[in-house]
1. Consider region 156-171. How many of its residues are surrounded by 19 or more Cβ atoms within 10 Å (Cβ to Cβ) and closer than 30 Å to residue 254 by Cα?
2. Out of (1) modelled with pLDDT of 90 or more; (2) within 13 Å of the chain's Cα centre (by Cα); (3) surrounded by 17 or more Cβ atoms within 10 Å (Cβ to Cβ), the odd one out for residue 40 is which?
3. In region 146-177, what count of residues is obtained for those that are closer than 25 Å to residue 232 by Cα and out of contact with any helix residue (DSSP H, G or I) (no Cβ under 7 Å at 6 or more places or on another chain)?
4. So, residue 47, is that one in contact (Cβ under 8 Å) with a residue 12 or more places away in the chain, more than 16 Å from the ligand (Cβ to nearest atom) and within 24 Å of residue 134 (Cα to Cα) or not?
5. Check whether at least one residue in region 52-71 is more than 24 Å from the chain's Cα centre (by Cα), touching a residue at least 60 places away in the same chain (Cβ under 8 Å) and within 21 Å of residue 180 (Cβ to Cβ), and report yes or no.
6. Say we look at region 97-110 and pick out the residues that are assigned to a loop (DSSP other than H, G, I, E, B) and free of Cβ contacts under 8 Å to residues at least 40 places away in the same chain; which of these is farthest from residue 183 (Cα to Cα)?
7. For residues that are within 17 Å of residue 79 (Cβ to Cβ) and in contact with a strand residue (DSSP E or B) (Cβ under 7 Å, 6 or more places away or on another chain), tally how many sit in region 93-127.
Ligand SMILES: [Zn+2]
């Protein structure tokens, strides 16, 4: 999926609008034909790479919802009285952030022979903001305390902020309701980073023109049954918007939700083996010689019974 499909599409679509950067020098895997490129305007690889190495990067900023939070704080009477704008509640620009740590909340100590060490900033105590900015409160919480809220808590907290609420709801839909809004990007797992990327795509999907092909690598990894069903609903929304979703997946519930399955095997080798069967879930479930077929039959029977 990465080395053949994505790379080939990247090359084919290089002239058009694509969020993919050309990786010069990267080899495109061998293939005979690439059909249907005319129906796609962009290919988007939603992988498990981290969303950033900086402590400044976090879930709320990544989905571009931090602007709304800062606006809410800038509208509070104390902020207006003191002339604070939304920028005062940012830790990326000068103004309200702690200058000792430049809003990171931590200081990096370079070690000569060891990995760098992060220690809590001794000026702000990890709060990232100046004390007077932290005096501004919305519903009893300052900006630092809001960044400590989980997505689930923040949805209730910002119940009257429609746009912000919708963006946070999208994070909940991809199974990230437990994340703290200000959780530093380097602490997120690969699976969390991938689901965050899916949420951002959904938030911005309505504004984007054209048909996009989304490529995902095992997005259900680490999710519970309920969360898997939510995620399938989320992926269906992308399809309803006119996009196409291709995923590598071992989760049977997700497989039977697909229009088309390509079963690679036998077993799960590094290169995926050979094509064992291809077709609709019902067709692959009836395919001889497919190990997956057994599981598909059980899942399809279970769905029929429900
Ligand atoms: Zn500081």
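The values are calculated or read from the model by the stated rules, or taken from the named source; none is laboratory data. Computed from a predicted model, the values in this text were never measured in an experiment. Cβ coordinates were reconstructed from backbone atoms using ideal geometry, including for glycine residues, and neighbour counts include every protein chain displayed.
1. Summing the residues that are surrounded by 19 or more Cβ atoms within 10 Å (Cβ to Cβ) and closer than 30 Å to residue 254 by Cα in region 156-171 gives 5.
2. Unmet for residue 40, out of (1) modelled with pLDDT of 90 or more; (2) within 13 Å of the chain's Cα centre (by Cα); (3) surrounded by 17 or more Cβ atoms within 10 Å (Cβ to Cβ): (2).
3. Quick first cut of region 146-177, residues closer than 25 Å to residue 232 by Cα only: 150-156, 162-177.
In the following step, the residues that additionally are out of contact with any helix residue (DSSP H, G or I) (no Cβ under 7 Å at 6 or more places or on another chain) were identified as 150, 153, 156, 162, 166.
Total meeting the criteria: 5.
4. Numbers: in contact (Cβ under 8 Å) with a residue 12 or more places away in the chain: yes; more than 16 Å from the ligand (Cβ to nearest atom): yes; within 24 Å of residue 134 (Cα to Cα): no.
So residue 47 does not fit the description; no.
5. No.
6. The initial filter retains those residues of region 97-110 that are assigned to a loop (DSSP other than H, G, I, E, B), namely 98-105, 110.
Filter once more, so that each one left must be free of Cβ contacts under 8 Å to residues at least 40 places away in the same chain: 98-102, 110.
Working: 98: 18, 99: 20, 100: 20, 101: 17, 102: 17, 110: 23 Å.
Here the residue is 110.
7. Looking only at that region, the number is 2.
To keep it simple, each residue is scored yes or no on (1) more than 19 Å from residue 181 (Cα to Cα); (2) out of contact with any helix residue (DSSP H, G or I) (no Cβ under 9 Å at 6 or more places or on another chain); (3) not in a loop (DSSP other than H, G, I, E, B).
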position: 84; (1), (2), (3): yes, no, no
position: 87; (1), (2), (3): no, no, yes
position: 92; (1), (2), (3): no, no, no
position: 112; (1), (2), (3): yes, yes, no
position: 115; (1), (2), (3): yes, yes, no
position: 119; (1), (2), (3): yes, yes, yes
